[in-house]
Each structure stands twice: as C-alpha cells, then as structure tokens.
Amino acid sequence: MSVLYTIYLTSMHSLLRKKLEEAILKLNYQLEPQIEVEIPKNESFGDLSSPVAMELTKTLKKPPRTIADEILSVIDREFFEDISIAGPGFINFKFKKEFLFNQLKELLEKEEKFFITDIGRSRKVQIEFVSANPTGPLHLGHGRGAAIGSALSNILREAGYEVTTEYYINDAGKQIEILGLSVYLALQRIWGKEVEFPEECYKGEYIKEIAQELYESYGDSIKGRSYEELGDLIIDFSYRKIINEIKKDLEDFGVTFDSWVSERKLYHTGEVQRAIIKLKELGFVYEKDGALWFCSTSFGDDKDRVVLKSDGTYTYFASDIAYHKNKIERGFDELINIWGADHHGYIPRVKAAVQALGFKASQIKILLVQMVNLLREGKPFQMSKRAGTFVTLRELIDEIGADTTRFIFLTRRQDSHLEFDVEVAKKQSQENPVFYVQYAHARINSIFEKAGHVSYVFNGELFNEEEMRLIKKVLQYPMIFELAVNFREPHRITFYLQELASLFHSYYHKHRVLSDDEKLSQTRLSLCRAIMIVLRHGLRMLGVKAPHKM
RNA sequence: GCCCCCUUAGCUCAGUAGGAUAGAGCACAGGUUUCCUAAACCUGGUGUCGCAGGUUCGAUUCCUGCAGGGGGCACCA
C-alpha cells in the first residue's frame, strides 16, 4: 500500500497537487477537495499550471494574484526550476530537469507498473454493456457500446477498481416470441409453403439460415407441425444459436464478459415477483386500474410506471427492477450501465427503482452512447433490423478489422454522434488514425531490432529540445489516464496517443536515434523505450494491438 | 405538446467541473527518401465557439429564451 502511495505521489501532476496542498495548509486556507492542475495551453507557460489562486479568490475575497504570491512564498520548491504567476492569476510550474529524468528512469525501470494508481481503492464496480436482444446479430451500434464498455473496464481495472463486466440477456417477452415466429415462417418456406412475413417479423438473412439449420437438424420429423407444437423448440434453438454467434462476435472483437445474466432466469427463479413484493413492502408500489404501479415520481420521474399489467403479466421494467435489485445484492459499490442513447427516457425510472431499493443516486451511472451514423462513400445509409439491411459487427470485423473498428469507435466522446464511413474505414489510408499510432510503435520496435541489445541507461545532458518535449509528453500520460478514469471517458486516451505518436514521428524525421555515438544512441533509445511503454499501455487500455511490425 | 442530447475551421471532431492568444485530423496546394519502416515528415489558414439576453473580475464553458439537427414520449420491448 505504501508503495502504491509513493508511486501515486511521484507522478508529475500528483506531486504538484501535493505541494500546492501543503502550501495552502501552511497558509491556513481551506483546502478544496481536489486541487486543479492542468496542462497549459501554451508550453511557454510551463510544464503544468494551476488556477487554484483564482478559485480561492471567491472564499478569501482577495485578488487572485495576491493569493498566488502568498502560495509562492511558502511552497516547497525542491522539484521546480521555476514558478511564476501569469495572466489573471495562474501559477505556472516548470520542473527541474533532474526531477524529469528521475521520472523517466523510474518509468524505464517499472515499465507499465509506473502507471499503477490506487484511485479505485478496490471499490467494486459493475459495468453492464451491449446487452442486445438475442434476436439477431450485433450491428455496428452495439459495436460502439462494446468498444467503450470494454475499454472502460480495462481502464477502471487498471486504476484499482474491482471490475465485473456483464451482459444482460433480454431473452424473455415479445421480441423473443417474434424471433420464434419469424424462424417458423422461414421454415415453412423451406417446406415449400407460400407465407407472408408480418410487418413486425425479422426478415434478415440470418433467419433463413437458422431455419435451414433447424431443418437439417430435425429433418422431416417436424415437417408440417404447427407453431403451437414447435414454438418452444424453435425459440430454444434459435436463441442458443444467436447467443453463440453474439459471443463469438464479441470474442473476435476482443470483448469478454465476466458474466451473462438471463432475464428469463429472473422470472423462473421468482426474482421478478420478489422484487415487486419488496417494493410493495417498502411502500413504493400501489394498485390502480387493475395494475400495479411503481411510484417513480417520488424520485423525480415524470410519471409513475406500471410494473404488473392488468392482464397479469409483468412489464419489461419489472424485470429490470429485479435485475438491478440482483446487482445491488451482489454488493457492488457502483453500477455503470452503458446504453444506447435511444433509451435515455428510461433513465429516471431505473434510477428511481435503484434508489427505492436503497442505493444512492450517485452509485449508479448511466452512460449514453450516441448513435452511429452509417455512411457509404459519404452518403447516409439507413439501417433496419427488421428489413434486414444493416451492417453487422461481424462484417466490420471481417472487412475492416477489430483493431481499426475499435479505435474508430473510441475516437469520439461517447455522447457525441459518430459518423462511420464503411468505405473509408476499409481503405486503410491516412484517414484511419489507428495506423498512425500503431506505426509509431512498430517503428520504435524496428529501431530496437536494428540496435540489438540495449540497456536503457541515458545521460540526461544529451537530450535536445524535442526530446525534452517528448519526455514531458510521456510523463503527462498518468494525468491523462487519471482523467479518463475519473470522467469514465476512454476517448481521452485515444486523443493523447495520437498526439504522442505525432510528436514521435516528427522527432524521428528530424533526429537519428542510432549513431556511432554510443552514449547518445543509448540515451535516445531510452526515450524511445519510454514512448513505447506508454503507447503499449494506452493501446492495451483501448483493446487495440501494438504490432511489432507493419 | 412535453422531456433529453447536440450545434466549435470547408468536412469530421477535441477542448470547457468559468480562466491565458480556442486546437487536431482530413480535405486542398507545394516540398522531403544515398539516412533506424514514406502507413511518415515539413510549409501554407482560416473561426460571430448556432442566435439573443443574464450571472461574473472573467462565459465557447453556467442560467433563460429562440432557431436548426437527432432521440424519446405506452398497462411495447
């Protein structure tokens, strides 16, 4: 524990935060929960800066520059070459080279262990994502959710959270019935009957395939039987087949789940019923018009919601309540649900249910992933599951590749629309930023191959201006990582990696790493090694390969 | 009709838990290879941060209204 603590404090931004905290305490000023530290927009301002004096001005009723002066008069300057006040009251810090070199040395020794933090403090977090109905293959929208969920789970796990990933299978209710009926109709066509597919039925190619397989498995033994007779068999067969396909797709996409929870099971074990009884006991459920209602308005929802319909069947919401009760009982400290943005109207009632069951509102986070707009050569392309015109995740994996697809999905903030041009992604041209980052990694590896045996010993005096800039960029990574963790935003890492790769490529062209000068070569190789470690870690967080050759 | 999200360079998007001169990629034009991988690099330039008010020492960021785009409104899932 103390080791982790030390590491945490020695990363550039944590150290600065600590020093500012000490200074503010010395001045007997009230400490803010988290002192703000940022990377200055302009590098001439310094390595890091803090607007803390401007923040304090509100409570202290003193001009920010005066407060900044006071902080400067007491702060421990051991690690700083220069501290200055600028603009309206920013305090800018420039680190001593010696400190930066020690950081670099530590990074080279510890490699990825250098990034260990204990932000998570072993808190148990459950991340539920994808959770698509098992009524057809995953499409690219699910892919985006999968990429984000999986990257986020990597990131949180790395930050010391105890993460469980889960897929909730909506295998009860009407959709699954429609699946069964659709396959049955397709089966009838195989038998040579002319049948019409009703509007609500699934018509994709995969329905025909399932029917075909069913036919091959059971042959004539089921021929001509009614849906009443075959329904259960067909549903079971189709469902298992689709779930297996989904698992396969996700696996090939690099996404794994720690557990899969079935909605049907929640009914069979009586959990749905028990959840409603529990809410009733707590006084949050009442009867009206022959139905049972959950008073979600008590927790800020627009209207109360039906959980048990007057016809005696449960609503989808009822099983969702049961599912969240189930999650809560498993002892998680925090629940993260990743949903498609089209479900946003559903948030208040689920949050209400979770609170009724004793959870704090802050313990459940629902991250909305915006829609993916599909383009083909710049033109919008409409998808419809029912009509069978959609791009599946499988197609993207096969034609574009899992790495590229994942990376593209992670180049946007999750609540921002994503334009995905299939043709452009296939081109594997400059428009695919993933290659840019991977290439930097492969390039560095190639230098090492050329260099042969290398020990990462450097002489800091030999670093030039570009190299110092790169060292600082590398050392910023723990801060970027922490932001990605705290904001639950994987895309911050994606952007950072592109910036780092860009700096490296530029450096590579300007300076040769390997030369006759042994010391200089070793020094530059050390820096390359550090860049490589960061690239590899970042890519691993995103779930993207760091290739040795391209 | 009500609710949620979005609106930043020609295009696609970062940034903003109120702060310094608002950034990147692509596209476009030109250039770089006897040299560790040219999937690269260098040089070119743009902004009423949708509009209008408000709060503030300070607003692209917060609040209100409006406009445009998307999504959601059920005893459907």
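Structure data summary
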quantity	calculated
Three-way shape call for segment A:433-542 based on the alpha-carbon gyration tensor, with the a/c threshold at 1.5	prolate
Theoretical FRET efficiency, 1/(1+(r/R0)^6), r = Cβ-Cβ of residue A:341 and residue A:233, R0 41 Å, to 0.05	0.65
Assigned charges on the beta-carbon of Lys, Arg, Asp, Glu; segment A:210-274 dipole about Cα centre (debye)	180
Cleavage-rule hits, trypsin sites (Lys or Arg not before Pro), segment A:275-307, DSSP coil, Cβ neighbours within 10 Å at most 14	A:303
Cα lying deepest toward the dipole's positive end in chain A, options A:142, A:276, A:475, charges on Cβ	A:475
Residue-span extension gain [residue A:395 to residue A:195] - 0.36 nm each, minus C-alpha spacing	69.0 nm
Test item: Cα-centred dipole of segment A:433-542, Lys/Arg +1 and Asp/Glu -1 on Cβ, debye	300
Full-stretch length increase - residue A:550, residue A:84 - with 0.36 nm per residue and alpha-carbon distance subtracted	163.2 nm
Pairs of alpha carbons in segment A:285-338 whose separation is greater than 13 Å (percent)	65
Cα-only radius of gyration and Dmax that characterise chain A, units Å	28.2, 91
Residue A:222 versus residue A:466: modelled label distance in nm, points set 7 Å from Cα along the beta carbon direction	6.6
Three-way shape label, segment A:172-267, alpha-carbon gyration tensor, a/c 1.5	prolate
Theoretical gain in end-to-end length, residue A:316 to residue A:102 [0.36 nm per residue, Cα-Cα removed]	71.3 nm
Dipole magnitude (debye, nearest 20) for chain A, charges at Cβ of Lys, Arg, Asp, Glu	720
P(r) tail fraction, segment A:2-95 - alpha-carbon pairs more than 24 Å apart, %	15
Per DSSP, loop trypsin sites (Lys or Arg not before Pro) in segment A:480-539 with at most 15 further Cβ within 10 Å	A:512
Per DSSP, loop trypsin sites (Lys or Arg not before Pro) in segment A:156-204 with at most 12 further Cβ within 10 Å	A:193
Mean ellipticity per residue at 222 nm, deg cm²/dmol - from DSSP H runs of n ≥ 4 across chain A, formula -39500 (n - 2.57)	-16500 deg cm²/dmol
Whole-Hz couplings from phi, Karplus 6.51/-1.76/1.60, listed for segment A:221-237; x for Gly and Pro	4, 10, 4, x, 6, 7, 5, 4, 6, 9, x, 4, 4, 5, 4, 4, 5
Label-point gap, in nm, between residue A:510 and residue A:256 - each point 7 angstrom along Cα→Cβ	4.3
Cα-based Rg of segment A:242-323 normalised by 2.2 N^0.38 Å, two decimals	1.40
Label-point gap, in nm, between residue A:415 and residue A:286 - each point 7 angstrom along Cα→Cβ	3.3
Segment A:161-227, Cα convex hull volume normalised per residue, Å³	138
DSSP loop GluC sites (Glu not before Pro) with at most 13 other Cβ within 10 Å: longest gap in chain A	A:201-376
Percent antiparallel among DSSP beta bridges (both partners in chain A, rounded to 5)	50
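The numbers here are math on the coordinates, done by the rules we state, and not lab data. If you're wondering where the values come from, they're calculated on a predicted model, not measured in any experiment. So basically every Cβ, Gly included, is an ideal-geometry build from the backbone, and we count neighbours across all protein chains shown.
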